[in-house]
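The values are calculated or read from the model by the stated rules, or taken from the named source; none is laboratory data. Keep in mind the model is a prediction, meaning the values are calculated, not measured. Every residue, glycine as well, gets a Cβ built from its backbone with ideal geometry; the counts of neighbours run over all protein chains shown. Quick note on the areas: whole protein, heavy atoms, side chains included, nothing else; ligands and nucleic acids left out. Shrake-Rupley method; radii C 1.70, N 1.55, O 1.52, S 1.80 Å.
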Amino acid sequence: MTDTTSTRERILVVARELFTARGFDSVSIRDIVSAAHVNLGAVTYHFGSKEALYHAALESMADPFAARIAELAAGPGAPLDRIEGIIRGALAHLLDNPEPPIVLLRELTSDRPLPPPIAALMRRNLGAVSAIIVEGQKDGTIRAGDPALLAITVMSQPFFVRAARRVVSVALGVDPNAAEQQARITEHVVKSVRHSIANTPQVSS
């Protein structure tokens, strides 16, 4: 790794941590360069502006997640099984990378437009899931409805569960990070989503 690459990556890692913890408005360039142990001009040299650095930090969170979802969406299997794989993959990824749900919730409560990296992530993931839902609607395994809205149903649950760890802890009285509780949460989310989108025949009374 060159010195230039090392400096850029150090700034990016620190910015990602600070932006996640405190939000865009509460973090200054001076905060970042101080924590990264670089000079004040390094951010301008490598990124151009605080906003561009923020977008780069968001991309570093979003791109691996989107790539994982795209890989799972393109895999083999019936539509419902692939959606289950996406849910499991999303939950696993967000467990290891807790920043995206935190940042997304903060941005959704802001009155600013969504930053382009977050908007792009949402379009990519929802588009991939929507395409699978259309497949399932064609073969009769997924219920009728707007594919985009059904895709939101699918993807919102993993994000909420990972962002709401405190809710899980309070509601269940458990440590949501414990392995057995993670397995329990995963199975619950999988069953809930499958039930909500599956084309289950109605039993007449």
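Here is how the numbers come out for the structure above:
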item	result
Where a residue in the range 137-165 is under 14 Å from Pro98 (Cα atoms) and its partner, wherever it lies, is open to solvent by 50 Å² or more (accessible area, probe 1.4 Å), with Cβ under 7 Å and at least six apart	Arg162/Leu95; Arg162/Pro98; Ala163/Ile102; Ala163/Leu105
Which numbered condition Pro158 misses (of (1) at negative phi; (2) open to solvent by less than 50 Å² (accessible area, probe 1.4 Å); (3) part of a loop (DSSP other than H, G, I, E, B))	(3)
Residue within the range 38-51 that is within 30 Å of Ala198 (Cα to Cα), touching a residue at least 12 places away in the same chain (Cβ under 8 Å) and open to solvent by less than 30 Å² (accessible area, probe 1.4 Å) present	no
Where a residue in the range 10-34 is assigned to a helix (DSSP H, G or I) and its partner, wherever it lies, is hydroxyl-bearing (Ser, Thr, Tyr) and open to solvent by 20 Å² or more (accessible area, probe 1.4 Å), with Cβ under 7 Å and at least six apart	Leu12/Ser60; Arg16/Ser60
From the options Ile132, Ile83, residue that is touching a Pro at 6+ places or on another chain (Cβ under 9 Å) and at pLDDT 95 or above	Ile132
Residue that is nearest to Arg194 (Cα to Cα), among those in the range 53-102 that are surrounded by 20 or more Cβ atoms within 10 Å (Cβ to Cβ), among the β-branched types (Val, Ile, Thr) and out of contact with any Leu (no Cβ under 7 Å at 6 or more places or on another chain)	Ile83
Single residue of the range 103-127 satisfying the filter (in contact with a Phe, Trp or Tyr (Cβ under 8 Å, 6 or more places away or on another chain) and not aliphatic (A, V, I, L, M)) that is surrounded by the most Cβ atoms within 10 Å (Cβ to Cβ)	Asn125
